[in-house]
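Beneath this line is the structure, given in structure tokens, with notes to follow.
The values are calculated or read from the model by the stated rules, or taken from the named source; none is laboratory data. Here the structure is a predicted model, which is why all the values come from computation and not from measurement. Here the Cβ positions follow ideal geometry from the backbone for every residue, glycine too, while neighbour counts run over all protein chains shown.
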Amino acid sequence: MRIIQITDTHLSPSKPHFNANWSPLAQWVTDQNPDLVIHTGDLAVDGADIEDDLAFSAKLLNEISAPVLSLPGNHDIGHMPGSAQPVNATRIDRWREMVGPDRWTYDSKHWRLIGLNSLILGADSPEEEEQFDWLEVALADAEARRIAVFAHKPLFVDTADEGETGYWSIRPAPRQKLLDLFAEYDVALHASGHLHRGWQGMHNNISLVWAPASSFIVGDMERDMPGARILGAAIHTLADTVESEIVEIDTLSRFVLDDVIEEVYPRAKKAPTAETTI
Ligand SMILES: [Fe+2]
């Protein structure tokens, strides 16, 4: 099974700054003729608050001829409790109505794909507990299939034992819970977006992949992190093993968030420590 992972398209009819990268991305995906496309979130510039942003993004995604499964990003359904746009039932319901489920499984003969809603991890909410219960069942009843997990946020940025990274990755407690479950069920791949950087690594026996965004890179406004500042996608080939390739797509325009932050995410500009942007 050949999967194209796209991520962080940040589309909007009212803030069209990155829309020009949609057509060349969609063309590249079509040319690849994949079995499945997975969008790992941040479809929209501001789907968490603007219904039209989510509708616009979902409509464009539906134009892809291959089957598409999507997962929410923080700009689609909100983020941590206490942030300017916390995840809540209204936002999750809007996603479910306009895009699809916020978590899912997808089976082929030899593989089970699991899509997680990573924005509720670390919230200590009933939704988080419910998703962990669901995940354990999804892992346990995969039978002989190998397992690949997809989510918006990476498990960690620099090291698996790092502390709270706030906005950037999953908090230490739910991260450890995930790592323990993934080890128990021999998960082969964890593929994510969110950081707008392309990176691959291994942790224990899990292949970790950050697919690059197709919308923009982030310049010096943010601290340096692992991975390449490129625009593109990832290709995952699942057979006896998993092979992942990060691809830079040279037909995408190299937009830089720093240049337009005041227009696109003005609230983030005003309070960079409380509410970062990507
Ligand atoms: Fe993003």
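Remarks
- Residue ranges of helices (runs of 4 or more DSSP H) in the stretch 39-106 with at least 2 members farther than 22 Å from Ile217 by Cβ: 51-62, 89-98
- Scan of the stretch 179-218 for residues that are in contact with a helix residue (DSSP H, G or I) (Cβ under 8 Å, 6 or more places away or on another chain) and more than 20 Å from Ala234 (Cβ to Cβ), ordered by number: Leu181, Glu184, Tyr185, Asn204
- Considered as a group, the residues in the stretch 226-247 that are over 30 Å from Lys109 (Cα atoms) and not β-branched (Val, Ile, Thr) include one that is surrounded by the most Cβ atoms within 10 Å (Cβ to Cβ), and that residue is Leu231.
- Of all residues in the stretch 100-144, those being surrounded by 21 or more Cβ atoms within 10 Å (Cβ to Cβ), in contact with a strand residue (DSSP E or B) (Cβ under 7 Å, 6 or more places away or on another chain) and of a type in the set (Val, Ile, Thr) number 1.
- In this structure, Ala84 does satisfy being at pLDDT below 95, among the hydrophobic types (A, V, I, L, M, F, W, C), over 20 Å from Ser192 (Cβ atoms) and over 14 Å from the mean Cα position of the chain (by Cα).
- Enumeration of residues in the stretch 196-225 that are among the hydrophobic types (A, V, I, L, M, F, W, C), buried (at least 22 other Cβ atoms within 10 Å of the Cβ) and closer than 15 Å to Val256 by Cβ: Ala213, Phe216
- For beta carbons closer than 8 Å, sequence separation of 6+ or different chains, a first residue in the stretch 217-243 that is basic (Lys, Arg) and a second that is buried (at least 16 other Cβ atoms within 10 Å of the Cβ) and in a loop (DSSP other than H, G, I, E, B), the qualifying pairs are Arg229/His196; Arg229/Arg197; Arg229/Val218.
- The set of residues in the stretch 1-35 being crowded, with 23+ Cβ neighbours inside 10 Å, closer than 19 Å to Val260 by Cβ and touching a helix residue (DSSP H, G or I) at 6+ places or on another chain (Cβ under 7 Å) consists of Thr9, His10, Leu11, Ser12.
- Filter pass, Thr9 being within 23 Å of Leu208 (Cβ to Cβ) and touching a residue at least 60 places away in the same chain (Cβ under 8 Å): yes
- Given (1) within 16 Å of the ligand (Cβ to nearest atom); (2) surrounded by 17 or more Cβ atoms within 10 Å (Cβ to Cβ), index of the condition Gly166 fails: (2)
- From the list Arg229, Arg254, the one residue that fits, being within 16 Å of the ligand (Cβ to nearest atom), more than 25 Å from Thr165 (Cβ to Cβ) and under 20 Å from the mean Cα position of the chain (by Cα), is Arg254.
Table: residues versus (1) farther than 27 Å from Leu181 by Cα; (2) touching a residue at least 12 places away in the same chain (Cβ under 8 Å); (3) within 16 Å of the ligand (Cβ to nearest atom); (4) not aliphatic (A, V, I, L, M).
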| site | (1), (2), (3), (4) |
| --- | --- |
| Trp28 | yes, yes, no, yes |
| Pro34 | yes, yes, no, yes |
| Ala55 | yes, yes, no, no |
| Ser65 | yes, yes, no, yes |
| Gly115 | no, yes, no, yes |
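- Every residue from the stretch 1-25 that is within 13 Å of the ligand (Cβ to nearest atom), in contact with an Asp or Glu (Cβ under 8 Å, 6 or more places away or on another chain) and either under 14 Å from Gly232 (Cβ atoms) or part of a loop (DSSP other than H, G, I, E, B) (or both): Thr7, Asp8, Thr9, His10, Ser12
- Sole exception among (1) part of a loop (DSSP other than H, G, I, E, B); (2) under 24 Å from Leu36 (Cα atoms) for Ala148, by number: (1)
- Checking each residue in the stretch 65-88 for being of a type in the set (A, V, I, L, M) and under 30 Å from Asp35 (Cα atoms) picks out Ala66, Val68, Leu69, Leu71, Ile77.
- Residue match in the stretch 180-194 (condition: away from the ligand (no atom under 14 Å from the Cβ), in contact (Cβ under 8 Å) with a residue 40 or more places away in the chain, farther than 27 Å from Trp111 by Cβ and surrounded by fewer than 21 Cβ atoms within 10 Å (Cβ to Cβ)): no
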